[in-house]
Amino acid sequence: MSADASPADGQDASDEPADGRRVEVHPGREAVVEFDPGRTFECVDSCTWCCHHGVLLYPDDLQELAACENLSEATTTHRGQRFVPRETRGRDDHADADGAACRFLEEDGRCGLHAEHDWKPTRCSVFPLAVAVEDGELHVSVREDAELHCEGLGVSERRLIDHLDAFLPETLWELDDPETRVAL
C-alpha cells in the first residue's frame with residue numbers, strides 16, 4: 001500500500017470519492033480515507049483512554065477469544081451482540097473517571113490479551129480510527145472522541161495512512177456490518 005502513489009492503473013483522479021481518497025489497504029481491499037494523510041499516531045504508554053470502554057466483538061473475534069478465555073466469563077450480551085464489558089478496576093491509573101475499564105486492561109496499562117496471546121479484538125486494532133460502510137465502500141476516519149481524548153494523535157512521525165494494514169484487519173471487508181461507531 002502506498003499513500004503517496006497516484007490512482008491505480010486505469011483509474012483517474014476523477015474516480016476518487018469527493019469526501020476522501022481510495023487507498024489499497026490489503027491486496028484487492030480498498031478503503032476511502034476521510035482524514036488528513038499527514039495525520040500521525042503512536043500509542044502512548046500513559047494513555048489508556050481507548051481501553052476505558054466495552055469492546056464489541058465480531059464473529060472472528062469470538063472464535064479467537066474462545067481459544068484463550070472462557071466466553072461466558074469474558075463477555076456479556078447487550079442488544080443481541082457479544083462484547084467484552086467494562087469492569088470496576090479499583091485504581092485511579094488506567095481507568096475511566098468512574099474507575100472502570102476493559103476487563104483485560106492490566107495495571108501496567110497493557111492489554112492482557114495482546115500481551116499473553118499476541119492478539120486483540122478487531123475494534124481494538126482499529127483504534128483511533130472509525131470504520132463505516134457508505135455506498136458499499138469501507139470509509140475510514142479518525143474517531144471524534146479520539147480527537148478529544150487520545151494522547152497518541154500527533155505525537156510522532158508515524159503516519160496513519162502508511163500503516164492502515166496494521167489498523168484495519170482484512171476481516172473488516174468480510175463483515176456484513178463493520179461499523180465501529182456502535183454504542184454499547
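Overview of results
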quantity: Modelled FRET efficiency - R0 45 Å, H26 with A97, Cβ distances, 0.05 increments; calculated: 0.75
quantity: Over region 75-119, volume per residue of the alpha carbon convex hull, in Å³; calculated: 74 Å³
quantity: The chain: angle of helix 59-68 to the longest principal axis, Cα-based, in degrees nearest 10; calculated: 40 degrees
quantity: Contour minus Cα-Cα distance for E170 and E116 (0.36 nm per residue); calculated: 17.2 nm
quantity: Within-15-Å neighbourhood charge of P85 [Cβ basis; K, R +1; D, E -1]; calculated: 0
quantity: Cα shape, the chain, gyration tensor, a/c 1.5 rule; calculated: prolate
quantity: In Hz, Karplus ³J(HN,Hα) per residue of region 110-117 (6.51, -1.76, 1.60; θ = phi - 60°; x = Gly, Pro); calculated: 9, 7, x, 5, 5, 5, 8, 10
quantity: Amide proton proximity set for G152, modelled H, under 5 Å, gap of 5+; calculated: V44
quantity: Hz values of 3J(HN,Hα) by residue in region 77-92 - Karplus curve (6.51, -1.76, 1.60), Gly and Pro given as x; calculated: 10, 9, 6, x, 10, 8, 8, 7, x, 7, 9, 5, 9, x, 8, 8
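Each value in this text was obtained by applying a stated rule to the coordinates, not by laboratory testing. Being a predicted model, the structure only gives us computed values, none of them experimental. Cβ: placed from backbone, ideal geometry, glycine included. Neighbour counts: every protein chain shown.
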